[in-house]
Amino acid sequence: MGMTMTQKILAHHAKLDSVRVGQLIMADLDMVLGNDITAPVAINEFPKFGQSTVFDKDKVALVPDHFSPNKDIKAAEQCKSLRTFAGKHAITNYFDVGQMGIEHALLPEKGLVCAGDLVIGADSHTCTYGALGAFSTGVGSTDMACGMATGQAWFKVPSAIKLNLSGKFRPYVSGKDLILHIIGMIGVDGALYQSMEFSGEGVASLTIDDRFTVANMAIEAGAKNGIFPVDSVALEYLAEHCPRKPVIYEADADAEYDRVIDIDLSAIKSTIAFPHLPSNTRTIDEVGEIKIDQVVIGSCTNGHISDLREAAAILKGRKVAPWARCLIFPATQKIWKQAMNEGLFDIFVDSGCAVSTPTCGPCLGGHMGVLAEGERAVSTTNRNFVGRMGHVKSEVYLASPAVAAASAIKGYIADPASVQEVQ
Amino acid sequence: MQARGSVFRYGDNIDTDVIIPARYLNTSNHKELAMHCMEDIDQSFVKKVQDGDIIVADKNFGCGSSREHAPIAIKESGISCVIARTYARIFYRNALNIGLPILECEEACDGIKAGDVVSVDFSTGVITNETSGKSFQSEPFPPFMQALIQAGGLAPYIAAKGAKA
């Protein structure tokens, strides 16, 4: 029987000719990632595995991005534990403030993930790298510690859902709308324990940033990973960023899927996830009148340069509604500089937006944009659970950068097309 | 290996943000984390929970973040076992890795209410609702997983195996 793309990558890393669904395997890791929330727990666990050094100092990445730049003394202590551990073990890929970016935008940009790789990260959005044809998945701190000590992790081989894409997006529709549409359709556990494998002629029209956004939120459907075929778009990105040679895996023609879902990209509308689940979606024409207090544009999901350009195109020459706040978070230092050089910061600041250094801060209610009781935010981030961005009685509406920018101007959740028409 | 206690009953999609809100993740101290366990969905949990108590929930328990702080907070609060219809996969792995026993059992979830006294035998997988007198069969843990849970998690389990070898 044939294998899916994910199954082939797992088999190769377990040094097996083939694997079957449900099989438990021990696989070699190409990269082990942690951040300032999860790595301190892993660092405490690390000595218990009986190794004095990490398995490979080039294959561990430590990125203090969540409560960094340090939000308080306790957060500072956590970041310090990463810095100390990185120094002690001569970790090559430790990125402190100044080099730091949001981990899932940073690792691909630094060329640390290649097509065909197997990556684990103690962060649930580690599945982002499926955009580049890698198998990557989120794990906890104990698995991270074990990975750092041994270079291996055990996996149960997943079955898969195939998402067969056709057509092209309409204006103002992007990867965020696609993944929210899918989660709305299958639910927050619709792909539990499964791979989401994207395929079809529609893939070619997705930019690499669209793919990062889509793969990033595979976890919000409960998936183990989300993965895209390695085509010219992926290869072009890899050639520019990664010094290693891509290893391309393709699903066999007779690979088995639990479910095949056909999606016409041209039929997708701007989609918003209402509180308090990413699956609670409505299309922009079903939203009604929702007054908002804050807009967040950025994060590992939508802090890429194309996301910022899209927001800037809508904000240009307009003002943020007087009762609203709009916060912009470029995902990495490189994106930050690129946005500045392209003049996007002039547009943002002239519109009344605040531009931040890279951090995960507001996405998880950590710092740099925490919500008060009763406040509502439109956010390009990935979760809208109860209390996610602050007070337990605050609300988060997940949306694309285009919808977020339009909403900032109107002060209500708004269709980007309606803003542009006014001009 | 057994667990026995009274039940806290929750619904579908109990996410890691309500199990332990991110605003408390500036520490990895187990006791501090336990002080805020379930805070955003059940403010009375921490006041009421006693050693040995059991959480019973519905679908997709532990969805969301990979934070191991979530099962750590639950275990440290005194909870001896979680029973749910299904778990989010990262939470499932994390719970067992830190030695928190968690079971999947549809029938038990149908037949257990808040406040019921429930006992669990991990070697047989039998879940007994002592309040109603009904029993339910879940998939028992294989011996290595029982040993791993008894050791307190993956790290002490592997360390103990290494010491023996």
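The values are calculated or read from the model by the stated rules, or taken from the named source; none is laboratory data. If you're wondering where the values come from, they're calculated on a predicted model, not measured in any experiment. All Cβ positions, even for glycine, are placed from backbone atoms using ideal geometry, and neighbour counts span all protein chains on display. Only protein heavy atoms, including side chains, enter the accessible area calculation; ligands, DNA and RNA are left aside. Shrake-Rupley method; radii C 1.70, N 1.55, O 1.52, S 1.80 Å.
For the reader, a short list of remarks on this structure follows.
- Enumeration of residues in the range A:107-123 that are closer than 25 Å to A:P40 by Cα and among the aliphatic types (A, V, I, L, M): A:L107, A:L112, A:V113, A:L118, A:V119, A:I120, A:A122
- Restricting the range A:201-234 to residues that are more than 23 Å from A:Y172 (Cα to Cα) and without any contact (Cβ under 8 Å) to a residue 60 or more places away in the chain, the residue that is nearest to the other protein chains (Cβ to nearest Cβ): A:G222
- Residues satisfying the stated conditions in the range A:202-228, i.e. in contact with a strand residue (DSSP E or B) (Cβ under 6 Å, 6 or more places away or on another chain) and surrounded by fewer than 22 Cβ atoms within 10 Å (Cβ to Cβ): A:G202, A:V203
- Answer residue from the range B:115-165, given it is away from every other protein chain (no Cβ under 13 Å) and of a type in the set (D, E, K, R) and is least open to solvent (accessible area, probe 1.4 Å) among those: B:D116
- Within the option set A:M196, A:M217, being in the same structural domain as A:N164 (by TED's automatic domain parsing), assigned to a strand (DSSP E or B) and of a type in the set (A, V, I, L, M) holds for one residue only, A:M196.
- Some residue of the range B:32-47 being within 14 Å of another protein chain (Cβ to nearest Cβ), among the polar types (S, T, N, Q) and buried (at least 23 other Cβ atoms within 10 Å of the Cβ): no
- Criterion violated by B:I112 - all others in (1) open to solvent by 20 Å² or more (accessible area, probe 1.4 Å); (2) assigned to a loop (DSSP other than H, G, I, E, B); (3) not aromatic (F, W, Y) satisfied: (1)
- Number of positions in the range B:50-68 that are more than 7 Å from every other protein chain (Cβ to nearest Cβ) and either touching a Gly at 6+ places or on another chain (Cβ under 8 Å) or assigned to a strand (DSSP E or B) (or both): 10
- Of all residues in the range A:138-148, those that are under 21 Å from A:S52 (Cα atoms) and either assigned to a strand (DSSP E or B) or open to solvent by 10 Å² or more (accessible area, probe 1.4 Å) (or both) total 1.
- Any hit, the range A:284-304, residues being open to solvent by 20 Å² or more (accessible area, probe 1.4 Å) and among the hydroxyl-bearing types (S, T, Y): no
- Only a single item in (1) open to solvent by less than 10 Å² (accessible area, probe 1.4 Å); (2) more than 14 Å from the chain's Cα centre (by Cα); (3) within 14 Å of chain B (Cβ to nearest Cβ) is not met by A:K156, and it is number (1).
- Restricting the range A:166-188 to residues that are touching a Leu at 6+ places or on another chain (Cβ under 6 Å) and on the phi < 0 side of the Ramachandran plot, the residue that is most open to solvent (accessible area, probe 1.4 Å): A:K168
- Yes/no for A:A406 being in contact (Cβ under 8 Å) with a residue 12 or more places away in the chain, small (G, A, S), under 29 Å from A:N70 (Cα atoms) and not in a loop (DSSP other than H, G, I, E, B): no
- Selection count, the range B:78-99, where residues are surrounded by fewer than 24 Cβ atoms within 10 Å (Cβ to Cβ) and more than 8 Å from chain A (Cβ to nearest Cβ): 6
- Number of the exception - A:A377 against (1) farther than 21 Å from A:E286 by Cβ; (2) in contact with a helix residue (DSSP H, G or I) (Cβ under 9 Å, 6 or more places away or on another chain): (1)
- The listed residue being surrounded by fewer than 19 Cβ atoms within 10 Å (Cβ to Cβ) and either under 24 Å from A:V203 (Cα atoms) or touching a Ser or Thr at 6+ places or on another chain (Cβ under 8 Å) (or both), out of A:R325, A:R318, A:R309: A:R309
- Selection of strands (runs of 3 or more DSSP E) fully inside the range A:1-113 by the criterion of at least 3 residues being within 14 Å of chain B (Cβ to nearest Cβ) and either surrounded by 21 or more Cβ atoms within 10 Å (Cβ to Cβ) or at pLDDT below 95 (or both) returns A:31-35.
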